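Student: Here it is, the structure in full.
Laboratory data are not the source of any read-out in this text; all were calculated from the coordinates shown. Because the structure is predicted, anything quoted here is derived from the model rather than measured. Heads up, the Cβs are rebuilt from the backbone with ideal geometry, glycines too, and the neighbour counts pull from every protein chain shown.
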Amino acid sequence: MEKTGLINLEYVNTVIKERPRDIHKGDCGKVLVIAGSVGMAGAAVLCARGALRSGAGLVRISAPGELYPILQVGVPEATCVPRELSLPDLMACDAIAVGPGLGDDGQSAKLIRTILKKYEKTVVLDADGINAVSREGLLDELRETGAKVIMTPHPGEAARLLNYCGIDISELDRPATAQTLAEKTGAICVLKGSGTLVATEDGESYTNTTGNPGMATGGSGDVLTGIIAALAGQKLSPVDCAKAGVFIHGMAGDLCAKSLGETGMTSLDLANMVALAFKQIVGK
Ligand SMILES: NC(=O)C1=CN([C@@H]2O[C@H](COP(=O)(O)OP(=O)(O)OC[C@H]3O[C@@H](n4cnc5c(N)ncnc54)[C@H](OP(=O)(O)O)[C@@H]3O)[C@@H](O)[C@H]2O)[C@@H](O)CC1
Ligand SMILES: Nc1ncnc2c1ncn2[C@@H]1O[C@H](COP(=O)(O)OP(=O)(O)O)[C@@H](O)[C@H]1O
Ligand SMILES: [Mg+2]
């Protein structure tokens with residue numbers, strides 16, 4: 001398999017397969033979404049919807065109790081568990097998505113430290129999860145963790161992680177930034193934007209070929225986090241989760257743009273269109 005290049009449908013067809021007829025939801029992965037805070041429940045809804053539309057068998061949303069009514073309407077298919085997670089709850093899931101809408105109440109850094117210390121499967125780190133790593137200087141913990149980390153910063157979050165204070169984000173050298181982040185943290189780095197990049201610490205680098213400006217709308221990154229976590233719950237390798245995840249996310253965005261147009265499409269439309277992207281890839 002090529003270690004650099006474009007992420008295209010030919011590659012995605014090698015990793016996204018038709019479901020066995022006798023599959024059951026336990027085979028499709030238990031995804032824990034640690035997201036949402038008062039005022040940002042939507043990020044948890046979008047991340048959980050992205051995971052469910054990507055074939056996750058079960059989604060549990062770890063959120064403050066006051067969000068439960070909103071979450072249970074927004075994602076009736078998911079169950080809610082407290083933000084104060086027990087270790088068994090944490091270890092029982094097949095993949096973790098942490099960060100969308102998490103806020104910065106000081107608890108997030110403690111939670112992320114616990115995950116990095118105890119968890120050894122795949123963690124998708126996004127948004128306020130990334131910001132907590134920047135704020136609390138957790139890059140060493142990222143490097144030493146037994147977990148397989150996929151981080152999904154947008155350029156603003158990447159600049160914070162690398163302490164690039166005061167630079168003009170549009171001047172960022174994107175391939176170099178993605179590579180530096182992957183090398184510094186040992187995580188797979190998904191540097192989002194037009195032509196999202198996927199970089200690994202041993203120099204693999206891929207460029208996505210799907211997506212459009214209609215995806216420049218609040219919450220579309222939260223959806224991607226759920227997609228990647230769902231693929232991890234279905235046992236794809238971390239680099240395949242990242243590569244196939246960004247491709248399918250952009251493909252769903254292109255399907256949205258085709259049916260709704262780039263101006264009015266929203267991240268909730270995007271989350272729901274992920275199902276059609278999978279249908280087009282798998283054929284059913
Ligand atoms: N419904 C919900 O609950 C939602 C909840 N959300 C949650 O909000 C939290 C904060 O996340 P966030 O991304 O909105 O804010 P932040 O991290 O400050 O970065 C944004 C600023 O960075 C800059 N910027 C420069 N280039 C950029 C680029 N290419 N792509 C993106 N940004 C770029 C640019 O700065 P500007 O140019 O405006 O000065 C831009 O304003 C997080 O937890 C997230 O999950 C959201 O998902 C929305 C829906
Ligand atoms: N112009 C664009 N072309 C293609 N994809 C885009 C464009 N603008 C944004 N996106 C995609 O939309 C998503 C935005 O993520 P993010 O900034 O984290 O949004 P949010 O935090 O609001 O969910 C990323 O996956 C990014 O690649
Ligand atoms: Mg985001």
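Student: Considering only Cα-Cα distances, which of the following residue pairs are longer than 28 Å: Lys25/Lys118; Lys3/Lys284; Lys117/Lys243; Lys110/Lys184; Lys25/Lys243; Lys30/Lys117?
Tutor: Table pairs above 28 Å Cα-Cα are Lys3/Lys284.
Student: Antiparallel as a % of all DSSP beta bridges within the chain, to the nearest 5?
Tutor: Close to 20 percent.
Student: Then there's this: Rank by packing, highest mean first: peptides 93-101, 119-127, 151-159, with packing defined as the count of other Cβ atoms within 10 Å averaged across residues. Walk me through the intermediate numbers first.
Tutor: Working: 93-101: 28.1, 119-127: 24.6, 151-159: 22.7.
Output ranking for 93-101, 119-127, 151-159: 93-101, 119-127, 151-159.
Student: I've got another one for you. Give the average over all directions of the projected area of the C-alpha convex hull of segment 133-193, one decimal, in nm².
Tutor: Here the figure is 3.8 nm², rounded to one decimal.
Student: Calculate the spin-label point distance for Glu201 paired with Leu260, positioning each point 7 Å from the Cα along the beta-carbon direction, and give it in nanometres.
Tutor: 3.9 nm
Student: Give the order of Cys189, Cys28 when sorted by the count of other beta carbons within 10 angstrom, beginning with the fewest.
Tutor: Neighbour counts put them in this order, fewest first: Cys28, Cys189.
Student: Also: 5 Å is the cut-off here: which amide hydrogens, built 1.01 Å from N in the peptide plane, fall below it relative to Thr209, excluding neighbours closer than 5 in sequence?
Tutor: Ile7
Student: What ranking of Met215, Met40, Met91, Met265 emerges when the number of other C-beta atoms within 10 Å of each C-beta is taken as an exposure proxy, fewest first?
Tutor: Met91, Met40, Met265, Met215
Student: What is the order of Phe278, Phe247, fewest Cβ neighbours within 10 Å to most?
Tutor: Phe278, Phe247
Student: For segment 260-284, list residues with backbone N below 15 Å from a point placed 7 Å from the Cα of Lys17 toward its Cβ?
Tutor: 282-283, by backbone N distance to the label point.
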